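Structure record follows, encoded as structure tokens.
The values are calculated or read from the model by the stated rules, or taken from the named source; none is laboratory data. None of these values were measured; they are calculated from a predicted model. Heads up, the Cβs are rebuilt from the backbone with ideal geometry, glycines too, and the neighbour counts pull from every protein chain shown.
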């Protein structure tokens, strides 16, 4: 049963497993203290969903904001990387304790998981996350996940929990991801402008949809904005997962939004084979290759990428690394795992396969990127 409308997010038949993302501005007040009453009402909604048979995973921001208050750090703890890491170290204890206390009041066990980008970009670690989530849910626990900001650096961080939530949804095999925001969906322009219209359903995140987004977080507490939410929607699309944005500010926000049918629902594409869904959702590419029109056309017909169609190689990557494939117009056509390192790609690009052995000194592989290790975008 595929999700096609907003209120199906609480329908166990349509959505047996749901990821709920909570932003900093919702969980933490302007004074840096947790909004306990609001959070208690949300936890009651989660408990009701669990009682009805729906499995729920929480992706919760708020550690940096809570820690900054305790440490007395300026700018909400985001003045520098070291401030953010210190604030997260202190705040994560408070955040986990808060969720554990409120869930326990409903007889539910909270399970904390802290992740970095590499935990979901590396295939083996990704599968470990999948296994852990499955075991926790089978045992009746409610996983509460956050980025591991105490150790994450700019190079190994998601940077916002919207995209983390989408990747967690993919790893968990969820049916949908629900982003609780400080706005009730995607608008066709800045929602503060007169005449701005909310878009209730999006069928594919296109360049036109991206053009509607505004970048920053209006609260000053979080790190995301509508742009990050659209990137999360793209990750969910590739995994065949629905994603919705609703206004998280009211008390009992899920029931309030769904009863009023206010939000934006991004419809999923067909669910891909697990490895290709993982590839489609990867956020960091080690490099890229540019291809000619002939190769671009062949890719759309399901062919592997041959070196003969490659016109340029960029980046420093090794065999097995994820790289992007760009067409003649500069648009990204695909992502895949390279069968060669960057230096080898430079040597064989534009050359037919029959010349590869003489060029490389060993028998060539069947393709630069095999179609089984590639996903079209």
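Between 56, 90, which is within 21 Å of the chain's Cα centre (by Cα) and either assigned to a helix (DSSP H, G or I) or assigned by TED's automatic domain parsing to the domain that holds residue 249 (or both)?
The conditions single out 56.
Can you name every one of the strands (runs of 3 or more DSSP E) wholly within segment 239-334 that holds 1 or more residues which are assigned by TED's automatic domain parsing to the domain that holds residue 369? Don't jump to the end; show me each part of the working.
Working: elements: 242-247, 264-266, 287-291, 310-315, 322-326.
Answer list for segment 239-334: 287-291, 310-315, 322-326.
What single numbered condition from (1) without any contact (Cβ under 8 Å) to a residue 24 or more places away in the chain; (2) more than 22 Å from residue 113 (Cα to Cα) fails to hold for residue 82?
(2)
Per-residue answers, yes or no, for (1) closer than 25 Å to residue 123 by Cα; (2) touching a strand residue (DSSP E or B) at 6+ places or on another chain (Cβ under 7 Å):
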{"position": "265", "(1), (2)": "no, yes"}
{"position": "277", "(1), (2)": "yes, no"}
{"position": "289", "(1), (2)": "yes, yes"}
{"position": "368", "(1), (2)": "yes, yes"}
{"position": "375", "(1), (2)": "yes, yes"}
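Can you find, within segment 97-128, the residue that is nearest to residue 321 (Cα to Cα) among those that are more than 16 Å from the chain's Cα centre (by Cα) and assigned to a loop (DSSP other than H, G, I, E, B)?
109
Of the residues that sit in segment 24-41 and are surrounded by 22 or more Cβ atoms within 10 Å (Cβ to Cβ) and touching a strand residue (DSSP E or B) at 6+ places or on another chain (Cβ under 7 Å), which one is farthest from residue 248 (Cα to Cα)?
The selected residue is 28.
Just for segment 335-377: of the residues that are in a loop (DSSP other than H, G, I, E, B) and under 32 Å from the mean Cα position of the chain (by Cα), which one is modelled with the lowest pLDDT?
Per the criteria, the residue is 377.
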